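Laboratory data are not the source of any read-out in this text; all were calculated from the coordinates shown. This one's a predicted model, so the numbers in the text were calculated from it and none came from an experiment.
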Amino acid sequence: MNRTLLIFLLLGVLLGTTPALRCEETVRANLVSAQDGLAPGTTATFALKLEIAEHWHTYWSNPGETGFPTTLAWQLPEGFSAGPLLFPVPTSFTTAEILGFGYEGTVYHLVSIRVPSSVPIGSSVTLRATAQWLACDPQSCIPGDASLEITLPVKAAGKITATTDAPAITATRIPVALPGSVLAVTEAGSELLITVPVALDPEGLVVFAETPGVIDMTKAPGITVDGSSTTLTLAKKHASDPVPPELTLVLAPRDAPAIRIGTGGVATNSSLSVTDTPGTESMSADHI
């Protein structure tokens with residue numbers, strides 16, 4: 001069933017059976033920064049912080065059979081530019097007995113902002129954005145949106161310090177790309193044999209398909225480690241479908257950085273860091 005159609009059907013069925021809730025009662029959204037100021041000519045780390053009510057969840061970039069991903073549309077001053085909204089490693093849950101992927105509790109969606117070198121020290125800058133999300137509990141869904149802004153002073157790089165949100169931003173588990181590494185995919189009837197060019201500990205390894213509609217995520221993967229590579233056996237969503245031209249997976253080992261890898265390679269997040277901020281560590285694979 002079409003995902004969008006399923007959302008509206010779910011909402012329509014439940015409108016008469018659940019109390020009306022405002023979106024802010026299920027999710028509280030804020031723009032937060034890892035640093036207390038902006039330095040000209042640098043890249044600063046921000047986050048869309050969603051505080052999600054108990055029993056509710058929001059959605060990953062591949063939401064599953066229902067739901068839609070959280071989005072953030074920026075309205076930036078001239079000369080500023082934003083990177084993509086990044087999604088941490090998700091968890092899985094069910095809504096009306098349908099499998100989905102996303103977040104519970106508090107989630108930080110990280111984004112890098114490039115500060116132009118022309119912005120004068122001593123001034124202040126206001127950044128604005130509009131966030132949209134879908135919040136669901138096991139029986140109902142409520143779409144939400146918020147117009148957000150954050151104002152920071154412009155300082156010399158050496159004068160910038162960490163904010164109270166910096167530790168949580170730094171600890172957010174954003175999957176990292178393996179430079180130069182790609183998935184190798186072989187079709188085996190109703191399954192795909194996927195070779196990952198790195199040895200992963202199968203104990204506690206969780207596999208997420210970022211590409212929607214390809215992998216049947218209700219079925220546990222087979223995992224085989226051979227020397228310096230790992231082979232995953234994944235059931236296809238539709239047995240008769242051909243091997244997809246592009247496939248991206250997120251692999252989340254229990255005690256190691258999460259990996260994002262695809263058949264055509266994926267962009268790295270190397271531009272995203274907590275820059276020149278005393279009291280914080282640079283965000284890299286070792287800290288994710």
Item to check | Cα gyration tensor shape of the range 152-252, rounded if a/c is under 1.5, else prolate or oblate by comparing a/b with b/c | outcome: prolate
Checklist outcome for this item: Between the alpha carbon centres of the range 133-151 and the range 79-103 the gap in Å comes to 12
